Amino acid sequence: MDSEELLAFLSAVGHAQRIRIITELAAGQLYVSELARRLGVSRPLLYMHLERLEKAGLVVGRLELSDDGKALKYFELAPFDVRLNVDTILAAVRHGAPGGQSGETGQQPSEGS
């Protein structure tokens, strides 16, 4: 995992709604309308969160046709196992920093960091 992938993962799981999505999908695949009902969110908002999770490689979506010919978008969890510790972060930086930099951003920490 490089640093860009690590940041995408952390960003994806760093939101309460996305954690709830992962929790619902842990029991198995669901189509978007059912998942939206269970979570009590709109489908457009759910799609935004699912897109972030999909980009990070945590969920996979696919279209299926129902018996009545209606297209249903199903999502399921992708297998993942991430252990976060100093070694994980150091390895990610060694594999490549965002923006092609070698780990140093050259930026000063912002106040409160």
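What follows draws every value from the coordinates through simple rules; no lab data is involved. The model shown is predicted, which means the values in this text are computed figures rather than measured ones. Quick reminder, even Gly has a Cβ in these numbers, built from the backbone with ideal geometry, and neighbours come from all protein chains shown.
Model label points for GLU64 and LEU45, set 7 angstrom from Cα along the Cα-to-Cβ axis, are 2.7 nm apart. Remark on VAL59: its backbone amide H falls under 5 Å from those of GLU54, ALA78, a criterion applied only to residues 5 or more positions apart or on other chains, H modelled at 1.01 Å from N. A cut-off of 5 Å between modelled amide H atoms, ignoring neighbours fewer than 5 places along the same chain, links LEU30 with PHE75. Along the stretch 41-52 the Karplus relation, 6.51 cos²θ - 1.76 cosθ + 1.60 evaluated at θ = phi - 60°, assigns HN-Hα couplings of 10, 6, 5, x, 5, 4, 4, 4, 5, 4, 4, 5 Hz to successive residues, with x for each Gly and Pro. For the stretch 1-62, the alpha carbon positions stretch 35, 18, 17 Å along the principal axes, listed from largest to smallest.
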